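This report concerns only the one structure given below.
The values are calculated or read from the model by the stated rules, or taken from the named source; none is laboratory data. Every value quoted in this text rests on a predicted model; they were computed, and no experiment measured them. A quick note on method: Cβ atoms are made from the backbone with ideal geometry, for glycine too, and the neighbour counts reach across all protein chains shown. When the accessible area is computed, the model is the full protein with side chains, heavy atoms only, and any ligands, DNA or RNA have been set aside. Shrake-Rupley method; radii C 1.70, N 1.55, O 1.52, S 1.80 Å.
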Amino acid sequence: MSRFMSSRFKTLEPYVPGEQPSGQTYIKLNTNESPFSMTGDVIEKAVRLARPYRLYSDTQCTELRSALSRVYCVPPGRIMVTGGSDEALDLAFMAFCSDDVPALFPDITYGFYKVYACVNRLPFEEIPLRDDFSLALSDYAGKRGTVFLANPNAPTGIALSLDKIEEFLFSRPDDVLVVDEAYVDFGAESSVPLVAKYPNLAVIQTFSKSRSLAGARLGFVIANEELIQDLNTLRFSTNPYDVNSFTQALGAAVLEKEEATRKNCLTIQQNRAWTVEMLSRLGFKVLPSLSNFVFARSDRIDGEALYLALKEHGILVRHFNHPRIRDYNRITIGTMNDMKSLENALKTILA
Ligand SMILES: *Cc1c(COP(=O)(O)O)cnc(C)c1O
């Protein structure tokens, strides 16, 4: 650290992204990317339709918002597009938390929530999940603050039903609920239909997982117009050109391929069922996942030892050094070939 680093951030612990090794040396089951590539025609279309690069990108993301409006049956005024959903989350922390409105989120969840609370110097409380990693809404009762829930949760994969989310919104009309639906397309129920009814709900989604565009950095928020305005106030105070012209065109082009997206998500769900069965057969305990990953542990091998052994076998998974989940690894669901390679490696390691 230089002596010029702001005293505000001297102790800031940044988010640690999953490994992104260069080259194709590993089977990557560590960052929940899609194993399916965007087809060439989508990219060609985006190249053709992108606004000239000489000009600044459209800060309103007009075309992309209309496309999202069609797919999600939500008026464009209730949609905001961001540079990845991470940016949307950062804006939500800035917009909806303050010295007297803390951020509330589970102790085991997406690591970025804590980082966003810290970098924005906001008070926060981590509310422990139950022993089985389920979330009990009653644990939030009586606590005022803006709640951030990943649904399905990461890295557990466990989802809350729409009924539970609605119960939550109904019981906390004076607090904002931010639902991070990065993994919702793999079998969970989306809260988007509740936006029309609850002015305190913001749903955040991403093109990174189900739509195979992690590298494009594209996310969006669906919320009541007033919440969208608040988020835009922060967006226009930080980076209004956050989504470049090519990415906007790419997002609109991929939304014309909803059938392909749904088919990919279905394949992931089938491969997930196979993987859960395979892991259980090998003696793993696997949490019930509705995501494109599973969270699993074995009594026969320590979590970190397994992560390292798989890496030796050319397979990357994600291990978290948190006391409650140290025994587990998060394994992204890939192609059947990927999952069969995983099975072979596990059999060798456990033998
Ligand atoms: C991957 C992920 C995101 C980030 O998505 P981007 O759109 O790529 O920034 C957000 N929330 C959760 C829970 C995630 O796992």
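Here are the numbers for this structure:
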quantity: Percentage relative contact order, segment 218-337, counting C-alpha pairs under 8 Å, at least six apart; calculated: 19
quantity: Between segment 289-338 and segment 136-183, the Cα center-to-center distance that results, in Å; calculated: 26
quantity: Exposure of Leu346 as accessible area (Å², to 10), given a probe of 1.4 Å and all protein chains; calculated: 0
quantity: Cα-based convex hull, the chain, per residue volume (Å³, whole number); calculated: 154
quantity: MRE, 222 nm, helices only [DSSP H, n ≥ 4, -39500 (n - 2.57), over the chain, to nearest 500]; calculated: -11000 deg cm²/dmol
quantity: DSSP-defined beta bridges in the chain - what % are antiparallel, rounded to 5; calculated: 55
quantity: Positive-end extreme of charge dipole, the chain - chosen from Leu55, Met80, Ala150 (charges on Cβ); calculated: Leu55
quantity: Ordering of 297-307, 53-63, 107-117 by packing [mean C-beta count within 10 Å, highest first]; calculated: 107-117, 297-307, 53-63
quantity: Which listed pairs, of Lys311/Lys347; Lys28/Lys340; Lys197/Lys257; Lys114/Lys143; Lys263/Lys347, have C-alpha distances above 20 Å, in listed order; calculated: Lys197/Lys257; Lys263/Lys347
quantity: Accessible area of the chain belonging to carbon and sulfur atoms, whole % at 1.4 Å probe; calculated: 52
quantity: Segment 28-144 - charge dipole about Cα centre, Lys and Arg +1 at Cβ, Asp and Glu -1, debye rounded to 20; calculated: 580
quantity: Beta bridge orientation in segment 162-238: antiparallel %, DSSP, nearest 5; calculated: 55
quantity: Segment 111-215 - accessible surface per residue (Å², probe 1.4 Å); calculated: 38
quantity: Formal net charge of residues neighbouring Ile27 (Cβ-Cβ distance under 14 Å; K, R +1; D, E -1); calculated: -1
quantity: Ordering of 200-209, 330-339 by burial proxy (mean other Cβ atoms within 10 Å per residue, highest first); calculated: 200-209, 330-339
quantity: Net charge contributed by nearby residues that have their C-beta within less than 13 Å of Val74 (K/R +1, D/E -1); calculated: +3
quantity: Charged-residue dipole, Cβ positions (Lys, Arg, Asp, Glu), the chain about Cα centre, Debye nearest 20; calculated: 780
quantity: Highest average packing first - 89-102, 9-22, Cβ atoms within 10 Å; calculated: 89-102, 9-22
quantity: Average silhouette area of segment 123-257, convex hull of alpha-carbon atoms, in square nanometres; calculated: 9.4
